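Report on the following structure.
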Amino acid sequence: MIAGAVRIVGAEIIEDGRAVRLAWQDGRITRFHAIWLRDNARDAETRSPGNGQRLITISDIPPGTTIADARITPAADLALRFLPERKEVEFPASWLAQRIYDRAPRNRLGWTPSGLTRWDSRLQPELPTVRYGEVRSSRKALGRWLGDVRRYGFALMTGVPQASGQLIEVAELFGYVRETNYGRWFEVRSEVNPSNLAFTNLGLQAHTDNPYRDPVPTLQILACLENDVEGGESIVVDGFRAAELLQEEWPEGFRLLCEHCARFEYAGSPGVRLEAKRPMIELGPDGELIAIRLNSRSAAAFTDVPYERMASYYAAYRRFTALIEDPGLVVRFRLLPGELFIVDNTRVLHARTRFSGAGTRWLQGCYPDKDGLLSTLAAIEEENEGKRNEA
């Protein structure tokens, strides 16, 4: 990735020094502002060599900063001299290539980064899976599994020791667990003809967990300790794919669910009153598809939709739910003792089918944070890149 295509072959100062135009070996032409380059200087006076954090603020940079000189180094990187500070800084071509902002804006709402793969039931034959022993003994195997979670929004693990709380050790392979009012982990124990109605054998509709929290839990792990009932299959659905289909067939319905907030609430435990409002389909300011929140059991009265749009909003809500329940989008699997799966709770909805007959279905769940997973994955990828460069 860092070879020929990211070599700089030309640099021209433009706009009276307020910017520089770069020519790349692959034919691209890109521009960078002087103020942006000065703010992102990599020298030891601007950034801490130890942790990379800035040592200056924007107020420390002269407002009239310009580029007085621009040249290409023998390594095909960029060397600049800034005025009025007379400061000289070099920028690696590879670093600049990864941060180009001189490009056409993304016009399509609901775009996602290239590293994500939206999926449907056709994923069923080859679900992303790893053995517990592999990720315990190999950083490379752990990286592959975490990469699958980033790419698909879920992944499975087999061969997990059947011990209560073992899922916490799995989460700590890549990050940290968020403790909630349910505890550090929680029990999902279901029985046929239960003595307590909380331990129901009913099916659960596809949903994201805890939309009444702010921030919402970003990952969920569900680990199986017992499962000898008939039925009770686990189901996952790619909410990003469902949103894409809604947008294709009914753009206005898609926009309604993006532009207006739903409300969610939970008051099922003494002393706990949780409320949040967020769109069912959340977009970033640049149109990136950020998150899905859908949970009919936790939905409160919607009060943030204008009267004139409420009927259409409900129609879009109904259609989005129908798409999520479409068998063509569903992936299902039977979770056996010693197995677990992880879902990106901001993207993938999960559910279970009803079960019957004698027996018990006992799962445990917890909520790790996605930033820990992405941090560990980025570190592993950097390690692997370093090894490739050494080779």
Assigned charges on the beta-carbon of Lys, Arg, Asp, Glu; the stretch 205-327 dipole about Cα centre (debye): 560
Two-decimal ratio, the chain, of alpha-carbon radius of gyration to 2.2 N^0.38 Å: 1.19
Sequence ranges 104-117, 126-139, ranked by mean other-Cβ count within 10 angstrom, highest first: 126-139, 104-117
CD proxy at 222 nm, helix term only [per DSSP H run n ≥ 4: -39500 (n - 2.57); per residue of the chain; nearest 500]: -7500 deg cm²/dmol
Within the accessible area of the chain (1.4 Å probe), percent carbon and sulfur: 49
Residue of P92, P251, P161 that the Gaussian network model of the chain assigns the largest fluctuation, springs spanning Cα pairs under 10 Å: P92
Most fluctuating residue given options A155, A163, A76, as computed from a GNM of the chain linking Cα atoms under 10 Å: A76
The chain: relative contact order in percent, alpha carbon pairs under 8 Å with at least 6 residues between: 22
Estimated dipole of the chain in Debye, rounded to 20 [Cβ of Lys and Arg +1, of Asp and Glu -1, Cα centre]: 160
Proximal charge balance of Y313 [Cβ under 15 Å; K/R count +1, D/E count -1]: +4
Max mean-square fluctuation residue, GNM over the chain, Cα-Cα springs under 10 Å, options T208, T57, T303: T57
Around L245: net Lys/Arg minus Asp/Glu count, Cβ-Cβ under 13 Å: -4
Beta bridges per DSSP with both ends in the chain, % antiparallel, nearest 5: 95
Mean accessible surface per residue for the chain, computed with a 1.4 Å probe while every protein chain stays in place, in Å²: 50
Lysines with Cα under 22 Å of K140, excluding same-chain neighbours fewer than 8 positions away: K370, K387
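The values are calculated or read from the model by the stated rules, or taken from the named source; none is laboratory data. Because the structure is a prediction, the values reported are computed rather than measured. Note that we place each Cβ from the backbone using ideal geometry, even for glycine, and neighbour counts take in every protein chain shown. The area values use the complete protein model at the heavy-atom level, side chains included, leaving out ligands, DNA and RNA. Shrake-Rupley method; radii C 1.70, N 1.55, O 1.52, S 1.80 Å.
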